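Each remark here refers to the structure printed beneath this line.
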Amino acid sequence: MLCAKCHQQNPAAARFCNQCGSALAPAAAPQLRRLTLMFCDLVGSVELASRLDPEDWHALLGAYQAAAGDAVRGHHGYVAQHLGDGLVAYFGYPLAGEDDALRAVAAAFEVVANVSALAVPRSHDKLRVRVGLHTGPAVMGQVGGNEGEYLAMGETPNIAARIQAVAPSNSIVLSAATRTLVQPRVRCVELGAFQLKGLAVPVRLFHARSMRAPDDTQRLVRGLSPFFGRTRELALLSHGWEAAAAPSGRCLLLLGQPGIGKSRLARELRARAVREDADAWTMRCSAHTATTPFAPLAQFLRQAMAAAGGGTG
């Protein structure tokens, strides 16, 4: 069972969480979820295990799992399984968000950075890892009876595992489904179509190279469909932008149902600001940081420091 308080996995028959002690709800029924799954695996682990002392290998494996797990949880992902030297993580469970895929890619970059910094005992080598990501529907359900785990099942986890298997060392490979969701924010290079084991149709894969800054307005607007309509709304926003030049400033709140074009209006306004040589800064809220004070500002400052070469601390 998953503890609603601390999001830790517990035995299915347990009545209380073995981490925080809170009472557990009855085992959840199977549910269909849209997830971004991350599979990561150590490169050359068999060779490492054969030449290292068992205690050293155990300590190194623990350091790898801690480094990868911290990166996943730091981006509000859920570590579902440790499979020997592999790790499986879900983004979109237990909490779903509109940026699940993007958080998964950001976590993957951190996993590669953290793990590749770990030194192999009594050598000059560093650990290497490969990561595969895929987005799609999966059924969350109980596996293995009362003592089993609550895991994602279906084609989506299988594809994610196959993608990880073909990823180069210290790289992140995305399916086309994941790449479509993160394309504005992640620089990718297409690797071509791969015939993955067990799949009848070849799958297009993409190598994720780096993250883009969220306030790159020209990139956000370039490649979008032509902007039609919303003349009145855009005029109101433009009037607010002009009024912002006054000493008193101006604050605008744009409200509406999901999918009606709020983000596109904001992008068009930001594009105008940039054309007029103004600084356009972006800060984003997330349901995953609802209880974190000043989370959008802190995220913005970290990104600004990274862009300036000052690190992300």
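The values are calculated or read from the model by the stated rules, or taken from the named source; none is laboratory data. Since the model is a prediction, treat every value here as computed from it, not as a measurement. So basically every Cβ, Gly included, is an ideal-geometry build from the backbone, and we count neighbours across all protein chains shown. Please note that ligands, DNA and RNA were not included when accessible areas were found on the heavy atoms of the full protein model with its side chains. Shrake-Rupley method; radii C 1.70, N 1.55, O 1.52, S 1.80 Å.
Can you name the residue in the range 107-159 that is polar (S, T, N, Q) and in a strand (DSSP E or B) and, of all such residues, is nearest to Ile172 (Cα to Cα)? Lay out the reasoning, then the answer.
Going residue by residue through the range 107-159, those that are polar (S, T, N, Q) are 114, 116, 123, 135, 142, 146, 156, 158.
In the following step, the residues that additionally are in a strand (DSSP E or B) were identified as 135, 142.
Numbers: Thr135: 14, Gln142: 29 Å.
This residue is Thr135.
Is there a residue being under 26 Å from Glu98 (Cβ atoms), touching a Gly at 6+ places or on another chain (Cβ under 7 Å) and assigned to a strand (DSSP E or B) anywhere in the range 162-173?
Yes, some residue in the range 162-173 is under 26 Å from Glu98 (Cβ atoms), touching a Gly at 6+ places or on another chain (Cβ under 7 Å) and assigned to a strand (DSSP E or B).
Within the range 177-199, count every residue that is surrounded by 15 or more Cβ atoms within 10 Å (Cβ to Cβ) and among the aliphatic types (A, V, I, L, M).
6
From the set of residues in the range 69-85 that are touching a residue at least 60 places away in the same chain (Cβ under 8 Å) and open to solvent by less than 30 Å² (accessible area, probe 1.4 Å), which is nearest to Ala161 (Cα to Cα)? Give the derivation first.
Initially, the range 69-85 is screened for residues touching a residue at least 60 places away in the same chain (Cβ under 8 Å), giving 76, 78, 80-81.
From what's left, open to solvent by less than 30 Å² (accessible area, probe 1.4 Å): 78, 80.
Values: Tyr78: 16, Ala80: 14 Å.
The selected residue is Ala80.
With respect to Gly154, determine if the residue is of a type outside the set (D, E, K, R), at positive phi and surrounded by 20 or more Cβ atoms within 10 Å (Cβ to Cβ). If you could, list the steps in order and put the result at the bottom.
Working: of a type outside the set (D, E, K, R): yes; at positive phi: yes; surrounded by 20 or more Cβ atoms within 10 Å (Cβ to Cβ): no.
Taking the combined requirement at face value, the residue does not satisfy it.
Please work out which residue is surrounded by the fewest Cβ atoms within 10 Å (Cβ to Cβ), limiting yourself to the range 274-313 and to residues that are among the hydroxyl-bearing types (Ser, Thr, Tyr) and at pLDDT 75 or above.
Thr291
Working only within the range 50-68, note down all residues that are surrounded by fewer than 17 Cβ atoms within 10 Å (Cβ to Cβ) and of a type in the set (A, V, I, L, M, F, W, C).
Selection gives Ala59, Ala63, Ala66.
Residues that are modelled with pLDDT of 90 or more, touching a His at 6+ places or on another chain (Cβ under 7 Å) and either among the hydroxyl-bearing types (Ser, Thr, Tyr) or in a helix (DSSP H, G or I) (or both): does the range 93-105 have at least one?
yes
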